[in-house]
1. Hey, can you tell me all the residues within segment B:92-122 that are in contact (Cβ under 8 Å) with a residue 60 or more places away in the chain, within 16 Å of ligand 1 (Cβ to nearest atom) and either within 13 Å of chain A (Cβ to nearest Cβ) or closer than 22 Å to A:ASN128 by Cβ (or both)?
2. When both residues are 6+ apart or on different chains and their Cβ atoms are under 7 Å apart, which pairs have a first residue that lies in segment B:307-328 and is over 21 Å from A:ALA78 (Cβ atoms) and within 7 Å of chain A (Cβ to nearest Cβ), and a second that is part of a loop (DSSP other than H, G, I, E, B) and open to solvent by less than 10 Å² (accessible area, probe 1.4 Å)?
3. Looking at B:ARG10, is it part of a helix (DSSP H, G or I) and in contact (Cβ under 8 Å) with a residue 40 or more places away in the chain?
4. Determine whether B:SER398 is assigned by TED's automatic domain parsing to the domain that holds B:THR385, part of a helix (DSSP H, G or I), within 11 Å of ligand 1 (Cβ to nearest atom) and modelled with pLDDT of 95 or more.
5. What's the number of the condition B:ALA361 fails, among (1) more than 16 Å from ligand 1 (Cβ to nearest atom); (2) touching a residue at least 40 places away in the same chain (Cβ under 8 Å); (3) crowded, with 22+ Cβ neighbours inside 10 Å?
6. From the residues in segment A:138-152 that are hydrophobic (A, V, I, L, M, F, W, C) and in a loop (DSSP other than H, G, I, E, B), which one is surrounded by the fewest Cβ atoms within 10 Å (Cβ to Cβ)?
7. Filter segment B:47-65 down to the residues that are open to solvent by 50 Å² or more (accessible area, probe 1.4 Å) and in a helix (DSSP H, G or I), then identify the one that is farthest from B:ARG11 (Cα to Cα).
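The values are calculated or read from the model by the stated rules, or taken from the named source; none is laboratory data. Note that the structure is predicted; figures quoted are calculated from it, not measured. Every residue, glycine among them, receives a Cβ derived from its backbone with ideal geometry; neighbour counts consider all protein chains shown. When the accessible area is computed, the model is the full protein with side chains, heavy atoms only, and any ligands, DNA or RNA have been set aside. Shrake-Rupley method; radii C 1.70, N 1.55, O 1.52, S 1.80 Å.
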Amino acid sequence: MLRLHYNLEKLSTGLVLGIIIAASIGGFVEIAPLFTIGETVERPADLRPQTPLELAGREIYMREGCYACHSQMVRSLADEIDRYGPYSRAGESAFDHPMLWGSKRTGPDLARVGGKYTDAWHVAHLTNPRAVVPASIMPAYPWLSEPLDTSGLGPELATMRRLGVPYTDAMIADAERDAEAQSQPDSDGAAGVKERYSEKIVVRDFDGSVARVTEMDALVAYIQSLGQLTAIAHDQPPADGE
Amino acid sequence: MIASLSIAQRRNGLAFALCLALLGLLMAAAAQHGPMVVHGAMALVLGIALTGALARAVYDPPPEAARASFYYDDPTRFGIAMTLIWAVVAMGVGVWVAALLYWPEATPAVPWTSFGRLRPVHTTGVIFGFGGNALIATSFYVLQRTSRARLADELSPWIVLLGFNLFCLWAVTGYLMGITQSKEYAEAEWYADLWLVVIWVVYFVLYIRTLARRAEPHIYVANWYYLAFILVVAILHIINNLALPVSFAGAKSVTIWSGVQDAMVQWWYGHNAVAFFLTAGFLGMLYYFLPVRSGRPIWSYRLSILSFWGITFFYIWVGSHHLHYTALPYWVQTLGMTFSIMLLVPSWASAGNAIATLNGAWHKVRDDATLRFMFVAAVFYGLSTFEGSFLAIRPVNSLSHYTDWTVGHVHSGTLGWVAMIVFGAIYTLVPQLSGRDQMAWPRAIEWHFWLAVTGTLVYVVSMWNAGITQGLMWRSYGPSGTLTYSFLQSLQAMAPYYLLRTIGGGMFLAGTLLCALNCSATARAATGEVAASDRPLLPMPVE
Ligand code: HEM
Ligand code: HEM
């Protein structure tokens with residue numbers, strides 16, 4: 001062996017090939033099967049893609065680095081289930097490009113936070129967390145009252161469709177309008193959003209000012225959708241990892 | 001810089017600078033508004049500045065032919081300067097971010113100073129800016145010395161360094177303006193990622209061409225590690241960053257991976273960024289500078305072979321230990337855990353090999369703060385890999401995951417190991433590259449050493465306490481079977497530790513600042529002399 005290596009050290013191409021081979025095996029064995037086995041490929045039948053408004057909120061969530069303090073992955077451990085709710089399943093994030101599971105809980109997990117608080121609570125909390133929770137160390141986001149830029153949403157939906165997220169032609173064509181209508185329940189487009197996405201989606205004025213669609217509308221719509229995209233997030237077999 | 005290029009190289013450089021300016025112009029023109037315009041403008045300005053400088057000097061007298069009988073160290077000098085600049089800036093942001101967790105109102109209410117945008121500036125700045133520049137700069141130096149050959153050409157090292165720093169700058173300014181892929185340690189957007197691929201290819205080609213000119217038949221261990229760093233980082237970077245831009249005229253892209261597959265690809269990347277960026281390259285540094293500084297050969301050649309292939313093969317499997325108890329299939333988690341434990345063998349073989357090398361030179365460790373930096377680095381390498389293998393065990397991870405214990409582990413690795421070995425290498429290199437026998441302020445090294453060690457210990461110990469407290473509070477049940485503590489109570493328990501961590505980080509930063517000043521004082525007093533023994537052998541290809 002040592003002799004073999006002694007010779008290998010004289011050959012730069014040999015080393016290069018050796019390194020590439022040695023460093024490829026593990027990744028291949030662990031990653032490739034995930035694209036074939038049922039456990040990870042199956043999509044819940046009722047999983048709906050995010051609405052344009054929620055998607056815009058997700059972008060803001062990424063932009064502001066909320067994921068650096070919040071996880072969205074309840075592990076199958078008793079205390080997590082008691083604290084946050086049913087543990088997260090693979091299918092729930094099938095349409096998430098990228099996933100936002102997170103790796104640090106400076107703040108609580110958010111995978112089950114949809115519906116936990118009112119919109120007004122979120123608006124007040126995001127504008128100034130310490131006004132609602134005095135001991136909080138979460139940053140304040142007063143600039144979220146800016147109007148939402150909806151212009152890129154159509155092309156973004158189209159890009160996601162190319163990657164397998166089931167957005168229809170109508171959804172893509174109406175993306176910008178749907179984003180506005182979802183936060184204007186009395187507008188003409190409001191019924192169309194429900195029709196295209198699901199009867200269960202929330203059409204509401206999230207930030208308390210109907211006239212304008214703001215980044216706050218989008219972010220709160222996104223937060224309220226967490227854990228609400230499929231029923232498997234709530235009815236599930238008993239945890240196995242305890 | 002330009003004076004050392006041949007006329008042909010100046011022309012090629014000019015062409016490169018023009019292309020860069022054009023690329024910047026194209027980006028700005030296509031995007032019309034938003035962050036991509038700013039990034040285009042940066043490339044444009046850099047391109048124009050380089051074009052101007054080169055155009056003025058194209059027909060200046062060519063460099064002396066005798067240059068071929070010296071090593072080419074200007075890029076290394078520049079790389080070290082960039083290392084120190086990034087170190088001060090990014091660690092400064094680290095201290096700021098740490099302060100924000102204790103004192104959340106410390107930042108004005110404008111978007112770019114928000115915690116979530118500054119944190120990736122810290123991580124990218126330290127890993128890529130500080131660590132990356134240090135790796136590139138030392139790799140050029142070590143490659144030439146261990147091959148006894150001059151770099152294959154004078155232009156490409158500059159393309160690598162300038163291009164790499166442009167990537168870092170694009171990345172961190174992007175986060176501040178709100179563009180990010182949100183993948184940890186791979187937040188930079190698609191055009192920056194593509195640019196890095198181009199730069200990396202130039203780097204690899206330069207490395208291989210220089211190796212081919214070596215006058216030593218054997219490729220020295222340090223180069224195996226640098227090669228693994230270059231190759232595997234390329235593979236990881238390309239696969240993890242595969243994305244479809246929403247439009248070529250905007251920064252936004254959609255990653256092709258989703259859900260569980262994305263999580264696995266992300267942590268396959270994430271942990272191997274640790275392995276091949278924060279470990280392999282720095283082991284290369286250790287394998288060169290530790291023997292040089294201590295004047296002792298590496299203790300065991302066999303052990304270095306074992307640990308090299310062990311690290312290269314095992315590390316790739318362990319990414320799934322970031323996903324214990326999640327929706328990732330159980331068997332993948334188990335593989336990750338198993339390989340993480342096996343990984344302790346090659347890791348400790350490297351650490352042990354380094355420490356055993358110091359046998360017989362302990363008096364030098366006592367007297368020479370520079371060598372002591374390297375010794376402490378090897379010790380922390382051993383400690384943090386032991387801790388890592390321990391954290392990868394599933395039940396342990398059930399407590400530690402999501403808590404500040406992870407952050408403690410991260411900084412015992414990065415402050416204790418990565419930063420210390422870099423400082424050791426810098427204090428060895430800078431006097432030598434300045435033609436002096438020691439740093440301008442030798443006593444400041446001693447000060448830096450103690451600031452760094454104390455700062456690291458304060459940081460790491462406070463985060464261990466924080467993490468374990470958090471983990472225990474989250475899982476503690478009262479007699480009636482309900483959770484004892486609210487999340488908020490666990491948060492309030494963190495305050496003293498966050499304060500302590502900020503202080504520890506401040507000490508570490510003070511030491512880094514001292515190092516930067518010391519290096520600049522040394523460089524300003526440079527003599528320009530080169531030791532007679534520090535020369536390449538005449539070119540005679542061995543392959
Ligand atoms: C002055 C010294 C430093 C200070 C004060 C500091 C502070 C911090 C803080 C406050 C965080 C965020 C932790 C959280 O979100 O709870 C962090 C994260 C991080 N830092 Fe540092 N840091 C320092 C040096 C470094 C260096 C030199 C490196 C690498 C070479 C580094 C690598 C990282 C990484 C990788 C993370 C992300 C950890 C994770 O996601 O778990 N840091 N640092
Ligand atoms: C045998 C070697 C090592 C093993 C098995 C190991 C294992 C681990 C484990 C289990 C985690 C926690 C994952 C989680 O719960 O989220 C982790 C996180 C981390 N380790 Fe290590 N570690 C090793 C060495 C190192 C070294 C030497 C460094 C730095 C130079 C390092 C840097 C990191 C970073 C940056 C993270 C944080 C990732 C994140 O969550 O953002 N590790 N490591």
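1. Taking segment B:92-122 as the starting set, the residues that turn out to be in contact (Cβ under 8 Å) with a residue 60 or more places away in the chain are B:92, B:94-95, B:98-99, B:101-102, B:111-112, B:117, B:120.
Then keep just the ones that are within 16 Å of ligand 1 (Cβ to nearest atom); that gives B:92, B:94-95, B:98-99, B:101-102, B:117, B:120.
Passing the criteria: B:ALA98, B:ALA99, B:LEU101, B:TYR102, B:ARG117, B:PRO120.
2. Final answer for the pair search is B:THR312/A:ALA23; B:ILE316/A:ALA23; B:SER320/B:LEU328.
3. Values: part of a helix (DSSP H, G or I): yes; in contact (Cβ under 8 Å) with a residue 40 or more places away in the chain: yes.
Criteria met by B:ARG10.
4. The answer is no for B:SER398.
5. Against the list (1) more than 16 Å from ligand 1 (Cβ to nearest atom); (2) touching a residue at least 40 places away in the same chain (Cβ under 8 Å); (3) crowded, with 22+ Cβ neighbours inside 10 Å, B:ALA361 comes up short only on (3).
6. A:ALA140
7. Here the answer is B:ALA65.
A quick yes/no check of all residues on (1) β-branched (Val, Ile, Thr); (2) open to solvent by 20 Å² or more (accessible area, probe 1.4 Å):
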position	(1), (2)
B:VAL198	yes, yes
B:ARG213	no, yes
B:SER247	no, yes
B:TRP257	no, yes
B:MET264	no, no
